[in-house]
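This report refers to the structure that appears directly beneath it.
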Amino acid sequence: MLGSQERHWTTSELDTVRIDPPGLFDSWSVLGVSQWFWQYQRRNLILFERGERRYVYVPARRALAWAVPEGVMPPDALEERAREGAEHTGPVERMRLEHLRGCALDSAPFGAGSAALVQRVRGEAPPQPGDIDLATLVHRDLWRAADAARLDPPAGAFGVLDILAMFKGLGSHEFTLPRVLFGGEAEQLVEERLGGRAPGHVRDELQRGAPAARRGDGPRRLAAVVDRHHALDGCVGGHEAELALVCLELSASGWVYEREVLWADAEEGEPMS
């Protein structure tokens, strides 16, 4: 596990988690806000905080549990998701993340104004003057992390970006930073999961994209393997696991985070009720 994640209760209902590891970002933070809403399930928000300003981040392409009328999620939703995530042994998903749309938080999380907020995030309503692309906020710090001599900042950057890329708004596991591996250690894990030699493009990316592979002021491309594993809420023995090749491409003008799933596994488990 990367970094320490500090928890504190903001109210009797909302749990706030600091997602970004210490030292990764400058003068701002990434917060996870979580609330129980259906027996063993949580609904979540991600907030970017800078001083007194807060922006909520919710990917428009995700179906958000907290946007369901009255905040009710069908009790079999997690089991259905587990069935759809049956074991895979080849590439099952490729994605690209380069924009982090943020809406200025002008209402309490999960409060009366949340419906309008969801519409803005999804692009179904006009943006407001305070809405921004949060990608510009993180760019300088990502560049600094990529150029650091130690592995911790790049690993922390990959962990936070992977949470943002995979965020669905549901589940107690969503704010836990995944394990991030580089170089030969990452290649060895891929070989173990796939039961053979790592694919050629994976080996090439991991060798070229090691944090210490190249220095300088030009564009950088960092590569790692993200290892995710978590238990499903509301189930005994249920889990989801995934191994992905992730690449962070940085230049003076911006960044792109690319993600390719190499291996995935899911087990439905026994519902608790």
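Observations
- Test: LEU164 is within 16 Å of PHE48 (Cα to Cα), aliphatic (A, V, I, L, M) and not in a strand (DSSP E or B): yes
- Among (1) part of a loop (DSSP other than H, G, I, E, B); (2) out of contact with any Leu (no Cβ under 6 Å at 6 or more places or on another chain); (3) of a type outside the set (Gly, Ala, Ser), the one test that PRO211 misses: (2)
- Among the residues making up the range 92-146, a single one is of a type in the set (A, V, I, L, M, F, W, C), in a loop (DSSP other than H, G, I, E, B), modelled with pLDDT under 80 and in contact with a Leu (Cβ under 7 Å, 6 or more places away or on another chain): LEU105.
- Screening the range 234-255 for residues that are open to solvent by less than 20 Å² (accessible area, probe 1.4 Å) and within 18 Å of the chain's Cα centre (by Cα) and picking the one that is nearest to GLU268 (Cα to Cα) gives ALA241.
- Which numbered condition ARG221 fails, given (1) part of a helix (DSSP H, G or I); (2) free of Cβ contacts under 8 Å to residues at least 60 places away in the same chain; (3) under 26 Å from SER253 (Cβ atoms); (4) open to solvent by 10 Å² or more (accessible area, probe 1.4 Å): (1)
- The one condition from (1) open to solvent by 10 Å² or more (accessible area, probe 1.4 Å); (2) assigned to a loop (DSSP other than H, G, I, E, B); (3) not charged (D, E, K, R) that ALA198 does not meet is (1).
- Meets criteria (at pLDDT below 85, open to solvent by less than 40 Å² (accessible area, probe 1.4 Å) and in a helix (DSSP H, G or I)) for GLU70: no
- Single match in TRP263, TRP255 (criterion: in contact with a Ser or Thr (Cβ under 8 Å, 6 or more places away or on another chain) and of a type outside the set (Gly, Ala, Ser)): TRP263
- Residue check for ALA186: at pLDDT 95 or above and more than 17 Å from the chain's Cα centre (by Cα): yes
- Among the residues of the range 167-195, just one is part of a helix (DSSP H, G or I) and basic (Lys, Arg), namely ARG193.
The values are calculated or read from the model by the stated rules, or taken from the named source; none is laboratory data. Note that the structure is a prediction, hence the values are computed from the model and not measured. Note that we place each Cβ from the backbone using ideal geometry, even for glycine, and neighbour counts take in every protein chain shown. Surface areas here come from the heavy atoms of the whole protein model, side chains and all, with no ligands, DNA or RNA. Shrake-Rupley method; radii C 1.70, N 1.55, O 1.52, S 1.80 Å.
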